[in-house]
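First comes the structure, then the notes that go with it.
The values are calculated or read from the model by the stated rules, or taken from the named source; none is laboratory data. Computed from a prediction, not measured in an experiment: that's the story for all the values here. No Cβ is skipped: glycine too gets one built from the backbone with ideal geometry, and neighbour counts run over all protein chains shown.
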Amino acid sequence: MEKLMQQAKHYVRDMVLGIVSAHPDLYETRDGLPLILRKGGAIQGKVGLVSGGGSGHEPAHAGYVGDGMLDAAVCGEVFTSPTPDLILEGIKAAHGGAGVLLIVKNYAGDVMNFEMAKELAELEGIEVETVIVNDDIALPATSERRGVAGTVLVHKIAGAAAAAGQPLQEVKRVAEKVIANTRSIGMAVAPCYMPESGKPGFDLSPHEMEIGIGIHGEKGLERKSLAPVQEITAQLLQKLRQEMQGNDVIVLVNGMGGTPLSELYITYHYVAEALQKDGVSIKRSLTGNYMTALEMHGFSITLCQVDDELITYFDAPVHTVGFR
Amino acid sequence: MEKLMQQAKHYVRDMVLGIVSAHPDLYETRDGLPLILRKGGAIQGKVGLVSGGGSGHEPAHAGYVGDGMLDAAVCGEVFTSPTPDLILEGIKAAHGGAGVLLIVKNYAGDVMNFEMAKELAELEGIEVETVIVNDDIALPATSERRGVAGTVLVHKIAGAAAAAGQPLQEVKRVAEKVIANTRSIGMAVAPCYMPESGKPGFDLSPHEMEIGIGIHGEKGLERKSLAPVQEITAQLLQKLRQEMQGNDVIVLVNGMGGTPLSELYITYHYVAEALQKDGVSIKRSLTGNYMTALEMHGFSITLCQVDDELITYFDAPVHTVGFR
Amino acid sequence: MTVTTEQFVNALRKGALAIISAKDELTDLDREIGDGDHGINMARGFQHVHEELASYEGTDIGEVCKAVGMTLIKTVGGASGPLVGTAFIKFASAWKEHGTLTHEQLTAGFQEACAGIAARGKSEVGQKTMLDVWVPFTEALATRQNVDETITQALQTCQALSAKKGRAAYFGDNAIGKQDPGAQSSALLLRPFAEVM
Amino acid sequence: MTVTTEQFVNALRKGALAIISAKDELTDLDREIGDGDHGINMARGFQHVHEELASYEGTDIGEVCKAVGMTLIKTVGGASGPLVGTAFIKFASAWKEHGTLTHEQLTAGFQEACAGIAARGKSEVGQKTMLDVWVPFTEALATRQNVDETITQALQTCQALSAKKGRAAYFGDNAIGKQDPGAQSSALLLRPFAEVM
Ligand SMILES: Nc1ncnc2c1ncn2[C@@H]1O[C@H](COP(=O)(O)OP(=O)(O)O)[C@@H](O)[C@H]1O
Ligand SMILES: Nc1ncnc2c1ncn2[C@@H]1O[C@H](COP(=O)(O)OP(=O)(O)O)[C@@H](O)[C@H]1O
Ligand SMILES: [Mg+2]
Ligand SMILES: [Mg+2]
Ligand SMILES: [Mg+2]
Ligand SMILES: [Mg+2]
């Protein structure tokens, strides 16, 4: 797979320059750092929300910076956690005096780098809390579970709580509630290719699919012959539903970056049909590319069990490129 | 390339079902037809806007149905013009007493099928006008030039004129002004695959690219070794600029469906840099998947020369899934 | 020579089946100089036609052609749908209420069909389209030449043309040597009519 | 045995170069049981370290380690960045203002580094991570065993482990028989220190 880029080592730099120049009304950056900040800077008295991680997941995380969601997105190298010094800059930019919540996906690298940044920020007198998103049920051990597309719902809902003027501990509680209620699982029919090495994350033969893939080109946990999408979604939904009690959900059918939108809507059709048969009430839904893995061709399904509080925050106004 | 679908022959049906069930607040359909209609039906006294064509270009055209843009999108089979009877249903649904404008891309099939539908609608007493979009400069002969991503700008700007209450002839004039001012050209590093045949539109060796591709898997007009993106954009911009006088433009960097958003932003960065060097003023810009060709990996650049009138319409509020 | 409704329907059935069987081949031709759907489009439409043919029993040739034309217009789509559909609608008006056709009537119907395609497509013979089969076929019919040989010859001529209309026109001279998918499917459709004449 | 700043820096230079040359190999290991970036990450960081080494002349071992640690933390990213970076920061506090190191001081510094990695990574030896090289290396150093052989042996042991930490843990037992990329890069980094001891 060929890459549309100038030089692999400038991939993230050029992307950040592009994002900022494409949306001059929404974003700013600082000192040429790979940071996407909400235009106008921190809002005084509002809890700042900072997320980020490796790049290659666009529109995550930059696309979720804006009114009602994030204040800063920290962009690491492709699929590589950003470093603590950079995250610290994001925290400082997002801090409007009411503290900062870090929304971190559960990867060793992200957890450690954000933790080090938190320590550094605390040294500078900024109150910082962290939530760790681990919605991917592909792995049985919850301690190892990865943060994937469900992270976007945490951004949205916690972002609305912060925008509503809630204090840091309350925003954190809401974020943790979303995390506790959210589960995802993904699949792919074609891998992604790293800009630097040009190599695929895994090699798939034609007519095969990987179930339980991550969003960094990690192999899946199971390889099968490709099935019609109704069978695939039934299998994934069964795994998801085993972990959930409630019957009121937000559904997210997330594209992995290289999936035609038509296929995502076809997938959503079978997901919605199966959930309805199962007595589940779809309160809200999202279909599209929300948390991608470069040009991987596949999708993930996320279910988030909701109550009135979460729906109210979910419906709150938002002004970002990646979420509407 | 494997397809995420149930059955090729139900590809469009399932997609339409998915689109409608994913956005119950925005859309409705009618009698199980592959039509996407704005929820609530035609607006009395407003000129109705109908577009469409083959499917596989999502979010076009369904994603542009909504306040401020289209009233109906007619969904043909993948890359196949819809039939006159179906287009007629779309026209009827969009007609609020003030006539209907058909926004048609310049393909023999679309032109003929929309023309037949117009004749049928006129028999039923509906006033219908047509504009033909032909923004793709890959072909020298303007009569053969295809309608590609620039069509989205016609939807947006004519949609705003209709929403502003302009009469049919005036909406048509605005649409034709956009068409006259808009030029596009595209390239790809990987083809798309037809759901039914499973075959690629063209075969590319690694390290090659096609310049001047269409949005239906048509081969490009020139095959070259892949170059860094700055060289590619310089070459495409030179072709575009040869055809344009004005220096105030809207820029659209459109993804072909399988292109990572990061690559589109990298592309936008070099496009913007080159235009600025060239003394062109970018009044507005769009970067993302607007007019795709299934999972094709590539992009197109569209320049639309604008004045105050077009910018005002471009900036007018819009409420759709595909455009914001 | 007269053509009965039964003969006409039989020829049409053969033509439809030939197109359905050639689906992949036609699609591959369209991948070369089009968008790779011609076989899919035509097979979809003629599948419908084939299924409906039985229900036309007892009607006249004009009725059959009107129904076939409407089915094609509604189910083929693309560029070929309105064109082939128009041809049958033109047949329908030429042969309205005809249970049999004389040689002159048959010829006149095909001439109307060719004119209909040309008008709808704003095209003419020599532009590497289906007209490059329809027009020579009709001329051979009018002048009582060997229709089968004419089709074979017409396909050869068409293949050597540069493309001026439809998607193949994007390739212009690069289409020389490649067969036009619509010409190919038209040959499959029309060849069985040679037998009834 | 004492280690001078010059010897220390020389060993570090060799280790950095070994990692830079093994970039593709390390990345390929990470493709198998990770996300295919370990070589890219480590090479990026140690490229910076290598370029900065010259500028450390005249400073002591503690200073060198502090600068190296900060550079690694700021430029490697991923999981390996904070871990290897922490190791050097721990060296820095153990060897603060030391121009030379005795065997005991060297050992103590490595023990601090191992503890630092384990604390930062919430991990321990036996989980198929870089600790499976760092810990046996440090033990061999403490007990004056053959460090070079120990590393070779440690890599073999690590390769046979099931994965419990980092991305490789996603594969659990399926990681058995595959080498941990962080263990491999740690071996490349630490092997040159065997020579100065
Ligand atoms: N203007 C035209 N006049 C006559 N025939 C045409 C014209 N445009 C296209 N065709 C015919 O239609 C064929 C393509 O049909 P098809 O592939 O089904 O539609 P599309 O080009 O819309 O994908 C061409 O091979 C050609 O024979
Ligand atoms: N919790 C941990 N403790 C110790 N080492 C770890 C831990 N997590 C990961 N590692 C090491 O980091 C290596 C992966 O580094 P790298 O690929 O650069 O980062 P990432 O996993 O973020 O892509 C693994 O091979 C392993 O040796
Ligand atoms: Mg990584
Ligand atoms: Mg077509
Ligand atoms: Mg075609
Ligand atoms: Mg890695």
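Inside the stretch C:126-154, residues that are surrounded by fewer than 19 Cβ atoms within 10 Å (Cβ to Cβ) and aliphatic (A, V, I, L, M) make up a count of 1. Please report, ordered by residue number, the helices (runs of 4 or more DSSP H) entirely within the stretch D:1-108 with at least 3 residues that are farther than 29 Å from residue A:198 by Cα and either within 11 Å of chain A (Cβ to nearest Cβ) or β-branched (Val, Ile, Thr) (or both). Hits in the stretch D:1-108: D:61-75. A count restricted to the stretch A:107-140 and to residues that are within 15 Å of ligand 2 (Cβ to nearest atom) and in a helix (DSSP H, G or I) stands at 9. For the stretch B:88-108, residues that are touching a Leu at 6+ places or on another chain (Cβ under 9 Å) and on the phi < 0 side of the Ramachandran plot total 12.
Against the test of being within 11 Å of chain A (Cβ to nearest Cβ) and closer than 28 Å to residue B:77 by Cβ, the options B:263, B:231, B:295, B:273 yield a single qualifying residue, B:295. Note on the stretch D:164-197: among residues that are closer than 23 Å to residue D:43 by Cβ, within 14 Å of chain A (Cβ to nearest Cβ) and part of a loop (DSSP other than H, G, I, E, B), the one that is farthest from ligand 1 (Cβ to nearest atom) is D:165. Checked against (1) within 14 Å of chain D (Cβ to nearest Cβ); (2) of a type in the set (Val, Ile, Thr); (3) touching a residue at least 40 places away in the same chain (Cβ under 8 Å); (4) assigned to a helix (DSSP H, G or I), residue A:74 passes all but condition (4).
Considering only residues in the stretch B:77-106 that are in contact (Cβ under 8 Å) with a residue 60 or more places away in the chain and within 15 Å of the chain's Cα centre (by Cα), the one that is farthest from ligand 2 (Cβ to nearest atom) turns out to be B:103.
Picking from A:143, A:205, A:197, which residue would you name as being out of contact with any strand residue (DSSP E or B) (no Cβ under 7 Å at 6 or more places or on another chain), in a helix (DSSP H, G or I) and of a type in the set (Gly, Ala, Ser)? Explain how you work it out, then say what you get.
Values: A:205 fails: in a helix (DSSP H, G or I); A:197 fails: in a helix (DSSP H, G or I).
Exactly one residue qualifies, and that residue is A:143.
One line per residue, one yes/no per condition, for (1) within 16 Å of ligand 5 (Cβ to nearest atom); (2) within 26 Å of residue B:54 (Cβ to Cβ); (3) more than 14 Å from the chain's Cα centre (by Cα); (4) among the acidic types (Asp, Glu):
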position: C:10; (1), (2), (3), (4): no, no, yes, no
position: C:27; (1), (2), (3), (4): yes, yes, yes, no
position: C:69; (1), (2), (3), (4): no, yes, no, no
position: C:73; (1), (2), (3), (4): no, yes, no, no
position: C:86; (1), (2), (3), (4): no, yes, no, no
position: C:89; (1), (2), (3), (4): no, yes, no, no
position: C:96; (1), (2), (3), (4): no, no, yes, no
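Residues of the stretch B:139-163 that are surrounded by 24 or more Cβ atoms within 10 Å (Cβ to Cβ) and either within 14 Å of chain C (Cβ to nearest Cβ) or at pLDDT below 95 (or both): B:146, B:147, B:148. Quick check: anything in the stretch A:171-179 out of contact with any Gly (no Cβ under 6 Å at 6 or more places or on another chain) and within 14 Å of chain D (Cβ to nearest Cβ)? Taking every residue of the stretch A:171-179 in turn, none turns out to be out of contact with any Gly (no Cβ under 6 Å at 6 or more places or on another chain) and within 14 Å of chain D (Cβ to nearest Cβ). Considering A:230, A:245, the condition of being in a loop (DSSP other than H, G, I, E, B) and over 23 Å from the mean Cα position of the chain (by Cα) is satisfied by A:245 alone.
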